[in-house]
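Enquirer: Got a structure for you, written out below as structure tokens; questions coming shortly.
Taken together, the values in this text are just the output of simple stated rules run on the coordinates, not laboratory data. Everything numeric in this text was worked out from a predicted model, so none of it was measured. Quick reminder, even Gly has a Cβ in these numbers, built from the backbone with ideal geometry, and neighbours come from all protein chains shown.
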């Protein structure tokens, strides 16, 4: 239990015995959380541990099946975020929800516009309040600036202002540092520090980065496999201790590697990809990368450091500004995506719902996706429905996708089963090189082990895998080599036998560069 | 058909039928407010359904609606909203009227040529919107609306300045040169039911096979359902957009052919007016599915044809138009509600099925 609560002061937030089930999966079970007022309280856990589910419960985005929520001592039922906001809870989402073409001021007041008289917008009053808030936060930019011209760190500040403007006393920040560079992280915590110490607000901070949690937070609650396993403070633990709490004690074992130089199945030379905004710095610069037969090359990096763009470039979804891509021995720099896929490339996309699945379509159409060139599944220009369905059943059985049948639409499956289906589909083409982005993201532990086993088995049979993951244990456990991407470049190469999450962390934040061998 | 497909079809059809009944109810209220007897109106409509002549007229009216709904629906399948069917149809009408009147061919071939010209010119006009979207990122809703205005004016001007036949004094309306008899699409029942209904059914069958049975159609539906996923699996988004807009335009070109080849046999200013727009409503009611479109078009055709009978009973014939409108609104609302209910039902069932048989 949390120590040092002055008696008489109610907890800012207290969750007791929270359960949340989704069809086919229990996302949270028996979650208990006690947040002291006026503190920064970190919630840490691996991807898929249930952090976001928990925070959505607290913010009223869905209702828990069991358990109670108390805010400042009073029991609450949140039917929607509106109820949570009324209870002075505010949430800063991981993905910014700002209107680019509106100004800072307009964004902040959007949805709670101050009015004067008969519905006339009182911009002067809004501006006065916003300036007050900005001053107390120590932020300094012109409220009339369009959000489009702000940097990522500043946009996040706007999100925080938005929440404060609505009078939030308790702020939830969902992985706020995932998109920030180290300098901005420091500024963010400076801001949060003011909110907590000067104004007595409470911050709930979701993260999986142990460093920042240990440096900046007052209390730390660890979530593993859907439940809260411990609450501690930075004084009482260290990285090792937290890492063990997060993953349980048995980390995957890096084993079964043989020294050899088999043929290269994926080669990137001097790859450069343009950034999202024209004129901005390139998203990927001078990347050289090789994946050999029966080799897993892990790519570590904080999200948004060019991994996504690198994958898109390998797939041929974005043009290269410079460099070349070679797949299974042939130059594919100018080939279209289908040609690359046909030559033995497979892709487990970053976001299965946005890039991997047709949610309203039955599973058998989902397993057909991208494989409608396969003569085994087609007859001339027509889809062979019978064989496509049989093929789908094979994939479902082999990858242990839990579903009543292949006729069920994909949205009816839990996240883990959706992911197994995508992995199964991508492996069904018997690829030579697999680009796997977060192959076990948001997947429960059992499914994670199953996917890992399949990837290892395929690797042993000769598949080359480029593994992009935010899960450092996954990277260390699966990879034969690990490279680190920072700011669009590959800044280090490490031997997983010597790599620890902490060491990787220092490379990923750009504190260290070079070879870790 | 397996059980799931059957259930899906039943839910889809059920929600459309429900919408029709809700619309009937609302129409009854409208009638009551205006002091008319809804029972009399409905019994008139019901009796009209037993009248062969009314039914023939209904099928005749349904013909262009089926085709224009197919044109709209193939766009919808790809998440494209082609509002430009009307304009594409109009361009095709004048082009076909002029080309058809100025060539000499044996009967069947002449009709075939006219249909091909209609499809090509409709596709060409739609292709402008496709090109704008692919090359310049112009939203097709905007461009097709604008192209409708341009098509209407352009066709009216070209007709007036180049192609109208002034010598033709036998009728009040100005027309283009009349098509030779070899280009006339034959009637099934003389002056009452034109054979173009067969072409309309063929269009629906082609639409069904193309979209639901072929690899191309699978990619089209995948692109419409999730553009991101289609792209990541190597479907060329721009090519798919262009091809589906061209097919939509080709269908649109055929919409006016019942009026041109099967009825008037020359272009005149109000020929087939509104039939391109009405297809949008039919596609919505028919849930973008060929079978649904078939029945929806028949229903709309019937309401249009039977409205004359209402007038005889001193009930304003606009009530039929109002009813069509309410049906479409009801469909949109009820479909969404039913979809949500059904999605939850499927999710619950999937979860329940798994708990019975743990892996």
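Enquirer: Go through A:408-415, A:9-16, B:104-111 and give me the packing order, highest mean Cβ count within 10 Å leading.
Expert: Details: A:408-415: 22.9, A:9-16: 18.4, B:104-111: 13.6.
So the peptides A:408-415, A:9-16, B:104-111, ranked by packing, come out A:408-415, A:9-16, B:104-111.
Enquirer: Something else: Over the whole of B:74-85, what's the average partner chain Cβ count within 10 Å per residue? Rounded to a whole number, please. All intermediate terms of the calculation are to be shown ahead of the outcome.
Expert: On the way: counts 0, 0, 0, 0, 0, 0, 0, 0, 0, 0, 0, 0.
Average per residue, whole number: 0.
Enquirer: Separate question: Could you work out how far the C-alpha centroid of the stretch A:19-77 sits from that of the stretch B:42-90, in angstrom?
Expert: 53
Enquirer: Could you compute the FRET efficiency for residue A:152 and residue A:493, with r as their C-beta to C-beta distance and R0 at 22 Å, rounded to 0.05?
Expert: It comes out at approximately 0.20.
Enquirer: Could you calculate the FRET efficiency of residue B:79 with residue A:93 from 1/(1 + (r/R0)^6), where r is the beta carbon distance between them and R0 is 25 Å, rounded to 0.05? Please list the in-between numbers first.
Expert: Numbers: r = 26 Å, r/R0 = 1.04.
Efficiency for this residue pair is about 0.45.
Enquirer: According to a simple spin-label model (label point 7 Å from Cα along Cα-to-Cβ), what is the distance in nm between residue A:453 and residue A:500?
Expert: Modelled inter-label distance: 3.1 nm.
Enquirer: I'd like the distance between the alpha-carbon centres of the stretch A:355-381 and the stretch B:184-227, rounded to an integer number of Å.
Expert: Using only Cα atoms, the two centres lie 23 Å from each other.
Enquirer: For the stretch B:112-164, what class follows from the C-alpha gyration tensor (a ≥ b ≥ c being the square roots of its eigenvalues): rounded when a/c is under 1.5, otherwise prolate if a/b is larger than b/c, else oblate?
Expert: Working: a/c = 3.27, a/b = 1.43, b/c = 2.29.
Here the stretch B:112-164 falls in the oblate category.
Enquirer: Nearest 5 is fine: what % of DSSP beta bridges in the protein assembly as shown come out antiparallel, could you say? Write down the numbers at each step before the final one.
Expert: Numbers: 49 of 86 bridges.
Antiparallel bridges make up about 55 percent of those DSSP assigns within the protein assembly as shown.
Enquirer: Hey, what angle do you get for helix A:182-197 against the long axis of chain A, alpha-carbon based, 0 to 90 degrees rounded to 10?
Expert: It is inclined by approximately 30 degrees.
Enquirer: Follow-up. Quick one: Cα centre-to-centre distance for the stretch A:447-517 and the stretch B:101-145, in angstrom?
Expert: Between the Cα centres of the stretch A:447-517 and the stretch B:101-145 lies a distance of 54 Å.
Enquirer: Just how many % of Cα pairs in chain A lie over 43 Å apart, if you round to the nearest whole percent?
Expert: 21
Enquirer: Please report the base-10 log of the normalised intensity I(q)/I(0) for the protein assembly as shown, using a Debye sum with one equal scatterer per alpha carbon and no solvent, at each q in 0.05, 0.11 (1/Å).
Expert: Here the Debye-derived log intensity ratios amount to -0.37, -1.34.
Enquirer: Looking at chain B as a GNM with Cα springs under 10 Å, which of B:133, B:213, B:77 has the largest mean-square fluctuation?
Expert: B:213
Enquirer: Classify chain B as rounded, prolate or oblate, taking a ≥ b ≥ c as the square roots of the eigenvalues of its Cα gyration tensor: rounded when a/c is under 1.5, otherwise prolate if a/b is larger than b/c and oblate if not.
Expert: Details: a/c = 2.00, a/b = 1.21, b/c = 1.65.
Note, shape of chain B comes out oblate.
Enquirer: Could you work out the mean count of beta carbons from other protein chains within 10 Å of each residue's beta carbon in A:353-360? Display every interim value, and only then the final one.
Expert: Values: counts 3, 5, 8, 5, 4, 9, 4, 5.
What the average comes to for A:353-360 is 5.
Enquirer: Using a Förster distance of 22 Å, how high is the FRET efficiency between residue A:334 and residue A:382, based on the Cβ-Cβ distance and rounded to 0.05? Don't skip to the end; give the middle numbers.
Expert: On the way: r = 31 Å, r/R0 = 1.41.
In this case the efficiency is close to 0.10.
Enquirer: Let me ask you something else. Using the basic label-point model (7 angstrom from Cα toward the beta carbon), what is the residue B:236 to residue B:173 distance in nanometres?
Expert: For the pair residue B:236/residue B:173, the computed spacing is 4.3 nm.
Enquirer: How large is the helix-only mean residue ellipticity at 222 nm for the protein assembly as shown, computed as the sum of -39500 (n - 2.57) over DSSP H runs with n ≥ 4, divided by its residue count, in deg cm²/dmol to the nearest 500? Numbers along the way, then the final one.
Expert: Values: 29 runs with 420 residues, N = 876.
Rounded to the nearest 500, the figure is -15500 deg cm²/dmol.
Enquirer: Compute the distance in nm between two label points, each set 7 Å from the Cα along the Cα-to-Cβ direction, one at residue A:178 and one at residue A:460.
Expert: Rounded to a tenth, the inter-label distance reads 3.3 nm.
Enquirer: Right, here's the next one. Fewest Cβ neighbours within 10 Å first, please rank A:93, A:29, A:334, B:265 accordingly. Mind showing how you got there, number by number?
Expert: Numbers: A:93 15, A:29 18, A:334 11, B:265 21.
With the sparsest Cβ surroundings first, the list reads A:334, A:93, A:29, B:265.
Enquirer: Ranking request for peptides B:3-9, B:228-234: highest mean number of other beta-carbon atoms within 10 Å first, then the rest in descending order. It would help to have the intermediate numbers written out before the result.
Expert: Numbers: B:3-9: 13.3, B:228-234: 22.7.
Peptide ranking by packing, descending: B:228-234, B:3-9.
Enquirer: Further question: Working out 0.36 nm times the residue gap between residue B:213 and residue B:312, then minus their Cα-Cα distance, what length gain in nm do you get to one decimal?
Expert: Details: separation 99, 0.36 × 99 = 35.64 nm, distance 4.70 nm.
Here the answer is 30.9 nm.
Enquirer: Of all DSSP beta bridges in chain A, what percent run antiparallel (nearest 5)? Don't skip to the end; give the middle numbers.
Expert: Values: 44 of 81 bridges.
For chain A, the DSSP antiparallel bridge percentage is about 55.
Enquirer: Would you order B:67, A:204, A:85, B:322 from fewest to most other beta-carbon atoms within 10 Å of each residue's own beta-carbon?
Expert: Values: B:67 34, A:204 27, A:85 20, B:322 16.
Listed from fewest to most nearby Cβ atoms, that is B:322, A:85, A:204, B:67.
Enquirer: I've got another one for you. Please report B:212, B:157 as a ranked list, fewest other C-beta atoms within 10 angstrom at the top and most at the bottom. Write out the running numbers ahead of the final one.
Expert: Details: B:212 16, B:157 10.
Ranking B:212, B:157 by Cβ neighbours within 10 Å, fewest first, gives B:157, B:212.
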